[in-house]
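Worksheet for the structure shown next.
The values are calculated or read from the model by the stated rules, or taken from the named source; none is laboratory data. Since this is a predicted model, take the numbers as computed values, not measurements. Glycine also receives a Cβ, built like all others from the backbone with ideal geometry; neighbour counts cover every protein chain displayed. Note: accessible area is taken over every heavy atom of the protein model, side chains too, but ligands, DNA and RNA are not part of it. Shrake-Rupley method; radii C 1.70, N 1.55, O 1.52, S 1.80 Å.
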Amino acid sequence: MSGPKFSKIRGGLWGLALATLAACGMFPDDRVNPQPRPPGLDTSVAPTDPSPESEALTRYYTRLQSHLQAQDLLRTGGGGIDTPYSNADIARNFERIAFYNEYARGAGLRASSEGPDILRRWSAPVRMKVEFGATVPEGIREADTKIVGNYAARLSRITGHPISVSERSPNFHVIISTEDDRDQIVDRVKQLVPGIGTATEGIIRNPPRSIYCLVLTFISPDEPATYDRAIALIRAEQPALMRQSCIHEELAQGLGLGNDSATARPSIFNDDEEFALLTSHDEALLRLLYHPSLKPGMTLNQARPLIKRILDGQPGQI
């Protein structure tokens, strides 16, 4: 198994020291061997009052969400008459988002200067499992479990690929936790992926507050163009819309759309924070990613004429 790749990290600086909601990329860190998947997080510890550090994060993210919304960002409508796009836009944005990596391989969060990669996606059914750190309140657990379940069903309808929430042999772990669960989450990720690289572990153990969530994807040892495992990590201190936005973006990114594009609009695959939730444009990208004419392992030059043919044959439908 090769991995992990950072398929998405939300973070960075925006405005007056406010964190952005996008800075994505994909890179392999090192090699790890497949291991049996442990059953889940240990939630036997009774929740306690949040630490001052966790409370400070809650205040920070609450102010951030309010600030973004006051500027008409974090839109939830999915696009409209003010955000038109064409098939040419979809093709251009798909190339950038599906074939390029944001971060250099094995170099932490250093920006990539590499050219296009191959097309990667899942071949096996995607079975998501939602896990929570011990200190996450029950209200968040109930709300986010429902959001992930509904969103997984939506992603399956869009892509035509089997995607579900399942306790049986999960291969896409969605872990929602607070700062007070940090050690527990590091241990959990190392259980799921023994031998994870030091750069990746360091980011998970000591993430700056400007990183709200991320997703790690792992490549199958037998099929290097397909994913066979993913782990999404989401901060529970965020208010509801920001957490839902993280869920939408990380889970979609973990399916194979690993980059951002400044030209993508309306889209969550963009650094501008305009849209919080998956848009009609983003649905088109996901349909294209899992279109049967495109195969994992294709280069951009191999895929480009097929992308045009698919879009030309289905105007306004892809």
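Report every pair of residues separated by at least 6 positions or lying on different chains whose Cβ atoms are under 8 Å apart, first residue within segment 61-86 and in a loop (DSSP other than H, G, I, E, B), second among the aromatic types (Phe, Trp, Tyr).
Here the result reads LEU74/PHE275; THR76/PHE275; GLY78/PHE275; GLY79/TYR85; GLY79/PHE275, each pair linking segment 61-86 to a residue that is among the aromatic types (Phe, Trp, Tyr).
Looking at GLY106, is it of a type outside the set (A, V, I, L, M), modelled with pLDDT under 95 and open to solvent by 10 Å² or more (accessible area, probe 1.4 Å)?
Here the answer is yes, as GLY106 does meet what is asked.
Every residue in segment 73-92 that is modelled with pLDDT under 95, closer than 16 Å to HIS248 by Cα and open to solvent by 80 Å² or more (accessible area, probe 1.4 Å), please.
Those that are modelled with pLDDT under 95, closer than 16 Å to HIS248 by Cα and open to solvent by 80 Å² or more (accessible area, probe 1.4 Å): none in segment 73-92.
Please name all residue pairs, on different chains or six or more residues apart, with Cβ atoms under 8 Å, provided the first residue is in segment 139-154 and is closer than 17 Å to ALA236 by Cβ and the second residue is open to solvent by 60 Å² or more (accessible area, probe 1.4 Å) and part of a helix (DSSP H, G or I).
ALA143/ALA240
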